[in-house]
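Values in this text are rule-based calculations from the coordinates and carry no lab data. These numbers were taken from a predicted model, which means no experiment stands behind them. Here the Cβ positions follow ideal geometry from the backbone for every residue, glycine too, while neighbour counts run over all protein chains shown.
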Amino acid sequence: MFTHKTTSNEQAKRLAFLFAKEIIKSKFSKKSALIIALSGNLGSGKTTFVQGFLRGAGIKKKITSPTFVLIKTYKLTNLKTYKLIHHIDCYRIKNAKELFNLGLEKILSNSKNIVLIEWPGIIKKYLPKSAIWIKFKYGRKESERIIKISE
Ligand SMILES: Nc1ncnc2c1ncn2[C@@H]1O[C@H](COP(=O)(O)OP(=O)(O)O)[C@@H](O)[C@H]1O
Ligand SMILES: [Mg+2]
């Protein structure tokens with residue numbers, strides 16, 4: 001378990017940027033996607049982390065929250081290890097089936113995918129043990145956030 005404290009959203013993005021660079025270097029699993037579950041209250045920094053992560057992975061495109069489309073997909077063109085990053089937001093869904101209808105099973109099982117999941121609670125039981133869990137909490141000051149990374 002790694003605990004980090006950040007005191008600005010720039011710092012949080014930087015942390016996510018470096019985390020992405022580090023984790024993408026090595027092939028994680030041959031059996032499933034590299035799955036990163038991001039949990040924490042509204043405004044705790046999950047989407048901010050994803051933005052930094054995607055930049056660290058080399059995504060240049062504009063990044064917007066998948067709150068309404070549920071899944072946003074980005075192409076990784078210059079990596080051997082991973083080909084696609086899927087950013088999933090389960091905030092609005094009532095039933096995991098909504099995501100299975102969008103191809104969740106294939107997304108999670110393809111080892112060429114990276115999958116970042118906000119509000120993962122509703123699909124928790126479908127995630128493999130190898131999933132990395134990152135917990136976001138508010139700190140004492142307004143711009144302080146505590147990020148705990150399981151591994
Ligand atoms: N240290 C920090 N880390 C992340 N976000 C921060 C931090 N300090 C302030 N913020 C602000 O908090 C908000 C976090 O929002 P967001 O990343 O969308 O959260 P979530 O996706 O968890 O709901 C943003 O407006 C961001 O600018
Ligand atoms: Mg969010």
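Things to note:
- In segment 3-36, the residues that are farther than 28 Å from L104 by Cβ and in contact (Cβ under 8 Å) with a residue 12 or more places away in the chain: T3, H4, K5, T6, T7, S8, N9, R14, L18
- Lone qualifier among L54, L38, L15 - being touching a strand residue (DSSP E or B) at 6+ places or on another chain (Cβ under 9 Å) and either more than 16 Å from ligand 2 (Cβ to nearest atom) or acidic (D, E) (or both): L15
- Test: residue in segment 59-76 that is surrounded by fewer than 21 Cβ atoms within 10 Å (Cβ to Cβ), farther than 23 Å from I146 by Cα, among the aromatic types (F, W, Y) and within 15 Å of ligand 1 (Cβ to nearest atom): yes
- The sole residue among L54, L42, L38, L15 that is assigned to a helix (DSSP H, G or I) and within 11 Å of ligand 1 (Cβ to nearest atom) is L15.
- Of the residues making up segment 86-105, none is more than 20 Å from I122 (Cα to Cα), more than 12 Å from ligand 2 (Cβ to nearest atom), touching a helix residue (DSSP H, G or I) at 6+ places or on another chain (Cβ under 7 Å) and not aliphatic (A, V, I, L, M).
- Restricting attention to segment 132-146, the residues that are over 16 Å from K13 (Cα atoms) and more than 8 Å from ligand 1 (Cβ to nearest atom) add up to 4.
- Cβ-Cβ under 9 Å pairs, at least 6 apart or on other chains, segment 80-93 side touching a residue at least 24 places away in the same chain (Cβ under 8 Å), far side within 16 Å of ligand 2 (Cβ to nearest atom) and of a type in the set (K, R): I85/K72; H86/K72; H87/K72; I88/K72; D89/K46; D89/K72
- Per this entry, S111 is not counted among residues that are within 13 Å of the chain's Cα centre (by Cα), small (G, A, S) and surrounded by fewer than 18 Cβ atoms within 10 Å (Cβ to Cβ).
- Test: G52 is in contact (Cβ under 8 Å) with a residue 12 or more places away in the chain and on the phi > 0 side of the Ramachandran plot: no
- In segment 15-58, of all residues being charged (D, E, K, R) and under 18 Å from I147 (Cβ atoms), the one that is surrounded by the fewest Cβ atoms within 10 Å (Cβ to Cβ) corresponds to E22.
- All of (1) among the β-branched types (V, I, T); (2) under 20 Å from K30 (Cα atoms); (3) within 16 Å of ligand 2 (Cβ to nearest atom) hold for T48 with one exception: (2).
- Test: residue in segment 107-121 that is farther than 21 Å from E22 by Cα, out of contact with any strand residue (DSSP E or B) (no Cβ under 8 Å at 6 or more places or on another chain) and in contact (Cβ under 8 Å) with a residue 12 or more places away in the chain: yes
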